[in-house]
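Everything on this sheet refers to the single structure shown next.
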Amino acid sequence: MVIALVCQAGYRSIPSLCYRLHSTYVRRMRYLFQLKEDDEACRQAYHAGTFFLFYNNLPFLQQEGKMFLAPKINGAEIKKILEQFRQSEEKIEDSLLIGCSYECTPYFALDLGSLERAAIESELNGSFVDLWKAFFQLREEDASLISTAQALLHWHDNHQYCGKTGQPTRKNLAGSKRVCQGSGLICYPQMSPVVITLVSDGSQCLLVRQASFPQGMYSALAGFCDVGESLEETVRREVAEEVGLEVESLWYSASQHWAFPNSSLMIACHALVNPQKNKISIDRQEIEAAKWFSHEEVVMALGRKPQSSIEKDDGSSFWVPPKQAIAHQLIQEWVKKHAAVPA
């Protein structure tokens, strides 16, 4: 009872005694929830916040060797930048909340697409970069924050009007929702569920190529969930549609947010097929190649770096997605599981 009263009394004090009674994770989640639900708390958080800049959904990055860094800009610096480009401080309220640090420093994304791109890049000594080109050269923490920001920016850009009334919508300060100005209808950012499945026949694993993949890259099967399907039904359907195989058993591995091309939740699974019925029949509309690979071949592929060109793309010198992609995790799990299995 005492704890409950303290929590209720100190809820608006950040950090409050209530938060200190909880673990770091719980404290962060409750802080983020408060910022999403309380516009005034979010407005106050701008002063202590860290900002990531975008230009028409392209993140502002600085290159350091082969890596890209996402500069973290504090609230005072953001105000100076806006002042320099003759923008009102109220522009800050266009920001979107994308997370917070372990110390409860809030992270925001701010799109400066209405300003002059070259001038911003010159002033801040960096570039607005296509995230897809830079994603695998970002630190893990930055990649997660930037992809979250890009997904939210894209969603807000495409939901300026209510789908039911046609009236304009307005975001709350945190950007966790939009409200129809005509009807009060609330809509929230959404993700599309996608299964990504590594198929095995017990001794080999199946990897595929799509036409959009970089030259030489093979990965696991992937496809969107249909309305009314369970996760298991989607896995079985996608495997049947794309490679003509029937799944006998499957199990869940992990999940990952994926910002490309729009916001998706990648749900990673392993699937097993009968080794006596493993003949592949490819749906050419979905994929351009599919092959069974041995444990040794996959181990070698994991050791290869992404290659911009391969003389003969026949699967003999293929490579797999980098470790930032959940497909890499699936492949690593399969390799470890089958390392001690006799041929």
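The values are calculated or read from the model by the stated rules, or taken from the named source; none is laboratory data. In this text the structure is predicted, and so the values were computed from the model without any measurement. With ideal geometry, Cβ positions are generated from the backbone for all residues, glycine too; neighbour counts draw on all protein chains shown.
Some observations on this one:
- Residue match in segment 305-326 (condition: outside any loop (DSSP other than H, G, I, E, B) and modelled with pLDDT of 95 or more): yes
- Pairs are defined by a Cβ separation below 6 Å, a sequence spacing of at least 6 or placement on different chains, a first member in segment 196-225 that is at positive phi, and a second member that is surrounded by 15 or more Cβ atoms within 10 Å (Cβ to Cβ) and at pLDDT below 95; the pairs so defined are Gly216/Ile310; Gly216/Asp313; Gly216/Phe318; Gly216/Trp319.
- Subset of segment 197-216 that is more than 22 Å from Pro275 (Cβ to Cβ) and touching a strand residue (DSSP E or B) at 6+ places or on another chain (Cβ under 6 Å) - its residue that is surrounded by the most Cβ atoms within 10 Å (Cβ to Cβ): Gly216
- Here Trp258, Trp251 are screened, and the one residue that is under 29 Å from Ser144 (Cβ atoms) and either outside the structural domain of Gln215 (by TED's automatic domain parsing) or in contact with a His (Cβ under 7 Å, 6 or more places away or on another chain) (or both) is Trp251.
- In segment 275-293, residue nearest to Glu241 (Cα to Cα) [restricted to those that are assigned to a loop (DSSP other than H, G, I, E, B) and out of contact with any strand residue (DSSP E or B) (no Cβ under 6 Å at 6 or more places or on another chain)]: Asp283
- Test for Gly175: is it without any contact (Cβ under 8 Å) to a residue 60 or more places away in the chain, part of a loop (DSSP other than H, G, I, E, B) and closer than 26 Å to Phe108 by Cα: no
- Residue within segment 273-291 that is over 28 Å from Ala339 (Cα atoms), more than 26 Å from the chain's Cα centre (by Cα), loosely packed, with under 14 Cβ neighbours inside 10 Å and basic (Lys, Arg) present: yes
- Some residue of segment 179-196 being in a loop (DSSP other than H, G, I, E, B) and within 27 Å of Ile81 (Cα to Cα): no
- Among residues of segment 151-174 being over 17 Å from Thr50 (Cβ atoms) and within 15 Å of the chain's Cα centre (by Cα), the one that is surrounded by the fewest Cβ atoms within 10 Å (Cβ to Cβ) is His154.
- Positions within segment 50-79 being without any contact (Cβ under 8 Å) to a residue 60 or more places away in the chain, of a type in the set (A, V, I, L, M, F, W, C) and surrounded by 15 or more Cβ atoms within 10 Å (Cβ to Cβ), in sequence order: Phe51, Ile73, Ile78
- Checked against (1) touching a helix residue (DSSP H, G or I) at 6+ places or on another chain (Cβ under 7 Å); (2) closer than 30 Å to His47 by Cβ, Glu246 meets all criteria but (2).
Yes/no matrix, rows are residues, columns are (1) more than 22 Å from Gly175 (Cβ to Cβ); (2) at pLDDT 95 or above; (3) surrounded by fewer than 19 Cβ atoms within 10 Å (Cβ to Cβ):
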{"site": "Val26", "(1), (2), (3)": "yes, no, yes"}
{"site": "Leu32", "(1), (2), (3)": "no, yes, no"}
{"site": "Asp39", "(1), (2), (3)": "no, yes, yes"}
{"site": "Ala48", "(1), (2), (3)": "no, no, yes"}
